[in-house]
Amino acid sequence: MNCRVASGPAQDVAEGRYWYLFYQLDNRDTGRDEILSNYEGDEERLGEEILYRRATRLVFRLTQPGGGIIWCRLDARSAGAYELEIIDEARLDLSVEFDADSLLEALNRDGRIAIHGVLFGVDRATLRPGSGAVIDTIASIIDAETGLCLEVQGHTDSTGATERSRVLSRERANAVVSALHLYGVDAGRLEGRGLSPD
């Protein structure tokens, strides 16, 4: 299902499983601000991104370990009631895995490879758990191919401001380069480069 996620003046289109939930709190004196603040506080504690907040609406998203995104729109009503719309975008299919030989073959053939499975939180440049296997594979390729030098390109999605996306993509590339340094890869063999979506 395609749905529009209103995040202020702009709207994003998300596709995935959709739920509409209506909640009525036992304490009908719970105000709209308290409902919105509770969700907003949980988002901040999780390090997730709040896209939009106004008097009665909060739009936010949650990232999943496999790279999927859950979009949420909360509309607070009066007397302790609120509505929550959820769109669960499909997770990235990581079932197709390549070993070092396959990646090296693709790199030699095409001159570049796109690698999925290096995970970051929303608006973050810190590697998330689950990225280690991919970093291991890249390090083993570089270790085996002593003359190989790589440009590591970082990417972001298209939801943030252009300048922030540029900075974040560069920080992500450098985070991968730093992780590879921990494997003993010589700094002269790696270069980090950020690519924003524009």
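Looking at the structure I just gave you, is G80 among the small types (G, A, S) and touching a strand residue (DSSP E or B) at 6+ places or on another chain (Cβ under 8 Å)? For G80, the condition - among the small types (G, A, S) and touching a strand residue (DSSP E or B) at 6+ places or on another chain (Cβ under 8 Å) - is met. Each residue in the stretch 127-158 was checked for being in contact with a Pro (Cβ under 7 Å, 6 or more places away or on another chain) and of a type in the set (S, T, Y), and 2 of them qualify. Out of L74, L21, one residue alone is modelled with pLDDT of 80 or more, over 16 Å from the mean Cα position of the chain (by Cα), surrounded by 14 or more Cβ atoms within 10 Å (Cβ to Cβ) and part of a strand (DSSP E or B). It is L74.
When the stretch 139-155 is limited to residues that are touching a strand residue (DSSP E or B) at 6+ places or on another chain (Cβ under 8 Å) and either farther than 16 Å from E191 by Cβ or not small (G, A, S) (or both), the one that is modelled with the lowest pLDDT turns out to be H155. Within the stretch 40-49, the presence of a residue that is touching a strand residue (DSSP E or B) at 6+ places or on another chain (Cβ under 8 Å), at pLDDT below 75 and among the hydrophobic types (A, V, I, L, M, F, W, C) is excluded.
In the stretch 116-147, of all residues being of a type in the set (V, I, T) and surrounded by 14 or more Cβ atoms within 10 Å (Cβ to Cβ), the one that is nearest to L168 (Cα to Cα) corresponds to V122.
Annotation: of all residues in the stretch 29-71 being polar (S, T, N, Q) and within 16 Å of the chain's Cα centre (by Cα), the one that is farthest from D123 (Cα to Cα) is Q64.
The values are calculated or read from the model by the stated rules, or taken from the named source; none is laboratory data. Just so it is clear, the structure is predicted and the values come from calculations on it, not from any experiment. Don't worry about glycine lacking a Cβ; one is built from the backbone with ideal geometry, like all the others, and counts go over all protein chains shown.
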